[in-house]
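Bear in mind these aren't lab numbers, they're just calculated from the coordinates by the rules spelled out. These numbers come from a predicted model, not from an experiment. Cβ coordinates were reconstructed from backbone atoms using ideal geometry, including for glycine residues, and neighbour counts include every protein chain displayed.
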Amino acid sequence: MARRSKIAQEAYDIALDVAARQGVDLVDAEYKKEGQKLYLRLYIDKKGGVSLDDCERFHNEVEPLIDEQVDSDEDYFEVSSPGLTRPLQEIADYIRYEGEQLDVTMYVEPKKFTAGYTVDGGTIKFDNGVEAQLRDIAKAVRHLDF
């Protein structure tokens, strides 16, 4: 689980039900200062990616709940995709992108590789024969071909 500020965690907890109703995954929440402004951001995703319409629909449903239930003084509230290069952190991330190629850095040998994978319970099985638990993986990001 990601480490979040108290306000980000409160917003995350409130938004979980909205995410479930709308068929998206609530990936993360952050509450941070950028320049002189405070931002509260929620990140959503789903298999195949989220659209601007998905973000807008989620924002419209969750914003009144956060305004009512979270004591924050953010200047901006945003809903966003986590982006293509966000590291996979939880088993749900691996399930969401199952079958895609990942660029992987391990804590053990082999240290770096690119491979497809499947998820079997809590084990990630790479198509190069490597099997790993989350704790074995230093970083994994979706492989992008341009």
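Geometric descriptor of segment 91-142, per residue, is 62 Å³ (volume of the convex hull of the Cα atoms).
Each residue of segment 108-118 was assigned a 3J(HN,Hα) from its phi angle through the Karplus curve 6.51 cos²θ - 1.76 cosθ + 1.60 (θ = phi - 60°); the sequence is 10, 6, x, 5, 9, 6, 10, 7, x, 7, 10 Hz, with glycine and proline shown as x.
Order by neighbour count: 146, 77, 113, fewest other Cβ atoms within 10 Å first, most last. Please report the intermediate quantities before stating the final value.
Values: 146 2, 77 19, 113 13.
Going from least to most buried by this count: 146, 113, 77.
Between amide H atoms placed 1.01 Å from N, distances below 5 Å from residue 46 occur with 25, all of them 5 or more places distant or on a separate chain. Under 5 Å from the amide H of residue 78 lie the amide H atoms of 40, 41, 42, each residue being 5 or more positions distant or on a separate chain, with H modelled from the backbone and absent for Pro and chain starts. Taking the charge dipole of the chain about its Cα centre, with +1 at Lys and Arg Cβ atoms and -1 at Asp and Glu Cβ atoms, the residue from 122, 64, 80 reaching farthest to the positive side is 122. For the chain, the longest principal axis of the C-alpha atoms and the axis of helix 52-69 are separated by about 50°. Within a Cβ distance under 12 Å of residue 38, other residues only, what is the Lys/Arg minus Asp/Glu net charge? That sum, taken over residues with Cβ under 12 Å, equals -2.
Given the alternatives (1) 155; (2) 92; (3) 133, volume of the Cα convex hull per residue in Å³ as computed for this entry is given by (3). Pairs of lysines in the chain whose Cα atoms sit within less than 17 Å of one another amount to 7, provided the residues are eight or more positions apart or on different chains. Taking amide hydrogens as placed 1.01 Å from N in the peptide plane, the amide H of residue 28 sits under 5 Å from those of 43, each at least 5 positions away in sequence or on another chain.
Dipole size of segment 6-80 about its Cα centre, with +1 on Lys/Arg Cβ and -1 on Asp/Glu Cβ: approximately 280 debye, rounded to the nearest 20. Need the C-alpha centroid separation for segment 16-56 versus segment 120-146, integer Å. That distance is 24 Å.
Here the Karplus relation 6.51 cos²θ - 1.76 cosθ + 1.60, evaluated at θ = phi - 60°, turns the backbone of segment 72-79 into coupling constants of 9, 10, 5, 7, 9, 10, 10, 10 Hz, with x for every Gly and Pro.
Would you mind checking the tilt of helix 6-22 against the longest principal axis of the Cα atoms of the chain, expressed as 0 to 90 degrees and rounded to 10? Here the helix axis deviates by roughly 80 degrees.
Charges were assigned to the Cβ only: +1 to each Lys and Arg, -1 to each Asp and Glu. The resulting dipole of the chain about its Cα centre is roughly 640 debye. The calculated 222 nm mean residue ellipticity attributable to helices in the chain amounts to -9000 deg cm²/dmol, summing -39500 (n - 2.57) over DSSP H runs of n ≥ 4 and dividing by all residues. R0 = 25 Å: FRET efficiency of residue 131 with residue 46, Cβ-based, nearest 0.05? Taking R0 as 25 Å, the efficiency between residue 131 and residue 46 is 0.40.
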